Ligand SMILES: Cc1cc2nc3c(=O)[nH]c(=O)nc-3n(C[C@H](O)[C@H](O)[C@H](O)COP(=O)(O)OP(=O)(O)OC[C@H]3O[C@@H](n4cnc5c(N)ncnc54)[C@H](O)[C@@H]3O)c2cc1C
């Protein structure tokens with residue numbers, strides 16, 4: 001008789017745990033609360049599914065905040081993610097920045113192939129099954145046929161974080177977990193709110209390229225997009241932690257020029273040019289960058305040195321993270337010190353955790369999905385060891 005593994009949550013972390021355990025010969029059942037699997041994974045594919053980042057492992061690992069992740073990601077990292085996606089027929093390519101996408105860009109063909117691989121491994125996939133709590137190794141699950149007790153030899157929980165709740169990750173599972181093992185959820189990879197003046201109206205939706213920004217000791221370089229609600233885009237997302245603490249972002253509008261070079265350029269005679277034209281001609285400052293500078297600084301200083309200073313350190317105050325449900329990801333969830341090296345809950349033998357429901361942080365750009373797949377594989381493998389020992 002095969003050992004029975006129960007996986008709670010049918011996102012990337014749960015599906016990877018299920019695949020790993022089924023390949024090890026366990027009889028696997030998945031309980032997914034929503035009517036379909038992988039809803040957030042599909043959403044991630046809407047603007048191009050960035051599966052991982054192809055870069056040197058040290059650099060890759062430096063993007064993560066989570067004590068045990070280095071060991072886990074070394075076992076299953078970018079190369080394994082690419083191999084896994086390629087084997088599913090979702091042939092990947094590496095973009096110029098090292099970001100890895102399936103050639104079709106979307107998540108749906110990959111998810112379809114993955115679910116059919118799980119079917120081939122005889123994984124029993126249940127939807128509209130909402131986990132309520134565990135009683136040792138029996139899960140109490142609300143199903144369309146009523147509340148059921150599902151006994152298992154091992155359980156992997158992968159119920160996600162607490163953003164985009166309509167896709168399933170509503171964080172409600174925390175209500176059935178001992179509060180002492182939880183870190184409160186907070187938004188990460190979040191857009192920010194800012195009340196722009198009407199001068200900025202015509203720049204809404206405009207990207208601001210080649211800009212660097214910092215907040216609370218964190219720095220980031222990348223594109224941002226100005227929106228009616230504030231600022232969106234990869235560049236700002238990775239500063240979530242600093243913005244949460246300070247409510248400020250400092251922009252360097254010309255990160256490739258040092259201050260001396262900016263000062264020298266601005267020191268050229270202005271002639272009859274307006275200051276805007278002078279900035280455009282000497283620094284090639286785009287209209288959106290100039291508007292952002294004026295919005296932040298107000299009247300611009302005429303002195304080249306002072307002007308160079310504000311261009312390199314334009315501080316926008318009064319910014320706040322958007323509500324958590326809008327964030328790309330969350331930090332918080334199961335605390336690392338509640339888990340052992342195998343991702344098993346120390347106080348609940350045989351119950352393992354994976355994915356965003358654990359307290360780790362990383363920027364967008366493939367790092368999130370890689371850690372979800374990686375912890376899913378790690379927890380699944382350890383859970384199989386546990387059940388088969
Ligand atoms: C708009 C958007 C774009 C993104 N783009 C990228 C990207 O390009 N690259 C990247 O790396 N990451 C991206 N991400 C992040 C990535 O999608 C998530 O980090 C990842 O899906 C988390 O995987 P998970 O399996 O841990 O959780 P989830 O994907 O959230 O899955 C958890 C599952 O558990 C289920 N569940 C919850 N509670 C219960 C319960 N009580 N009983 C049973 N089931 C339950 C949920 O319904 C859900 O299906 C993006 C996210 C968003 C929102």
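Some points to look at:
- Our summary gives the chain a relative contact order of 25 percent, counting only alpha carbon pairs under 8 angstrom and 6 or more residues apart.
- Gaussian network model of the chain, Cα within-10 Å springs - most flexible of 127, 100, 147: 147
- Value of relative contact order over region 192-321, rounded to a whole percent, pairs C-alpha under 8 Å and six or more apart: 31
- Our estimate of slack between residue 256 and residue 86, defined as 0.36 nm per intervening residue step minus the Cα-Cα distance, is 57.5 nm.
- Tail fraction, Cα-Cα pairs, the chain, threshold 34 Å, whole percent: 35
- The chain, helix-only ellipticity at 222 nm - DSSP H runs n ≥ 4, -39,500 (n - 2.57), divided by all residues, nearest 500: -9000 deg cm²/dmol
- Highest-fluctuation residue, 196, 173, 131 considered, GNM on the chain with Cα pairs under 10 Å: 196
- Take each peptide in 307-315, 276-284, count the other Cβ atoms within 10 Å of every residue, and average; sorted highest first, the result is 307-315, 276-284.
- Full-extension gain in nm, residue 65 to residue 223, via 0.36 nm per residue minus C-alpha separation: 54.6 nm
- Its residue count N fixes a reference of 2.2 N^0.38 Å for region 235-277, and the Cα radius of gyration divided by that reference is 1.73.
- C-alpha long axis of helix 287-297 to longest principal axis of the chain, angle in °: 90
- Of all DSSP beta bridges confined to the chain, the antiparallel ones make up roughly 70%.
- Of the peptides 90-99, 40-49, 359-368, the order by per-residue mean of other Cβ atoms within 10 Å, starting with the highest, comes out as 359-368, 40-49, 90-99.
We did not get these values from a lab; they are worked out from the coordinates using the rules stated. For clarity, every value in this text was computed on a predicted model and none was experimentally measured. Glycine also receives a Cβ, built like all others from the backbone with ideal geometry; neighbour counts cover every protein chain displayed.
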